[in-house]
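The values are calculated or read from the model by the stated rules, or taken from the named source; none is laboratory data. Just so it is clear, the model here is predicted, and its values are computed rather than measured. Here Cβ is always computed from backbone atoms with ideal geometry, including for glycine, and neighbour counts include all displayed protein chains. Note: areas computed on protein heavy atoms with side chains; ligands, DNA, RNA excluded. Shrake-Rupley method; radii C 1.70, N 1.55, O 1.52, S 1.80 Å.
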Amino acid sequence: MANVWFTSDLHLGHKNIHKFRTDFESEEHHRAIIKENYHSVVTKRDKVFFLGDLAFTQEALEDVSTWVAERKVLILGNHCTDNISMQEIVKHFDEVHSLLKYKNMWLSHAPIHPAELRGKYCLHGHVHFATLDDLRYFNCCLENTEYKPIDLNTVRQRLESAALLRQEMNDN
């Protein structure tokens, strides 16, 4: 595999998404741009972690299943099974989890409680533009990543910078 990517809250097939993400004219325009952005960075050798709230319709789910990546992993979000069954979702992913430990990070849809971090970082979505005032959390929602997946190296750099900042704050 060449790269590892993270993305969250694509909300594909959400008929009113353009009312919340006002850069888009319609759900179709939103989906087309998200798909184009995805394919501008992800290759067929990559692994992609989708941190929940991916698709609101069967059609959108099936579309994502055709997107490139060697492996696709879904972390379930609060909207994942609103309109699509788990039985159908698992057909389209290499793995499906509710919470996953990956390297020194927890991958979740919603941020997990600070007491449960246990020395790890938390990559999450769910809160869209909102961010937690805690440098151990990284919000992968599209609103925070220029509407495209973000790669593991960039995430690590940002988390390491945050850790250094936290250390400086503790030292002063």
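Can you give me the number of residues within region 132-162 that are among the β-branched types (Val, Ile, Thr), outside any loop (DSSP other than H, G, I, E, B) and either modelled with pLDDT under 95 or surrounded by 18 or more Cβ atoms within 10 Å (Cβ to Cβ) (or both)?
Selection size over region 132-162: 2.
Assess whether residue 55 counts as being within 15 Å of the chain's Cα centre (by Cα) and among the small types (Gly, Ala, Ser).
yes
Filter region 84-110 down to the residues that are of a type in the set (Gly, Ala, Ser) and modelled with pLDDT of 95 or more, then identify the one that is least open to solvent (accessible area, probe 1.4 Å).
108
Which residue is nearest to the chain's Cα centre (by Cα), if the candidates are limited to region 119-131 and must be within 16 Å of residue 52 (Cβ to Cβ), open to solvent by 30 Å² or more (accessible area, probe 1.4 Å) and touching a residue at least 24 places away in the same chain (Cβ under 8 Å)?
The selected residue is 126.
Which members of region 19-60 meet the condition of being open to solvent by less than 60 Å² (accessible area, probe 1.4 Å), assigned to a loop (DSSP other than H, G, I, E, B) and in contact (Cβ under 8 Å) with a residue 40 or more places away in the chain?
Across region 19-60, the qualifying residues are 21, 42, 43, 46, 51, 52, 53, 54, 56, 57.
Can you say whether residue 90 is of a type outside the set (Ser, Thr, Tyr), in a helix (DSSP H, G or I) and in contact (Cβ under 8 Å) with a residue 60 or more places away in the chain, as far as the supplied structure shows?
In short, no.
For residues that are assigned to a strand (DSSP E or B) and among the polar types (S, T, N, Q), scanning just region 1-18, find the one that is surrounded by the most Cβ atoms within 10 Å (Cβ to Cβ).
Restricting to residues being assigned to a strand (DSSP E or B) and among the polar types (S, T, N, Q), the top hit is 8.
For residue 81, only one of the following conditions fails: (1) buried (at least 19 other Cβ atoms within 10 Å of the Cβ); (2) in contact with a helix residue (DSSP H, G or I) (Cβ under 8 Å, 6 or more places away or on another chain). What is its number?
(1) is the only condition that residue 81 fails.
Restricting to region 110-131, what's the tally of residues that are out of contact with any strand residue (DSSP E or B) (no Cβ under 8 Å at 6 or more places or on another chain) and outside any loop (DSSP other than H, G, I, E, B)?
The qualifying residues number 2.
Please enumerate the residues belonging to region 61-78 that are open to solvent by 40 Å² or more (accessible area, probe 1.4 Å) and either basic (Lys, Arg) or part of a helix (DSSP H, G or I) (or both).
62, 65, 71
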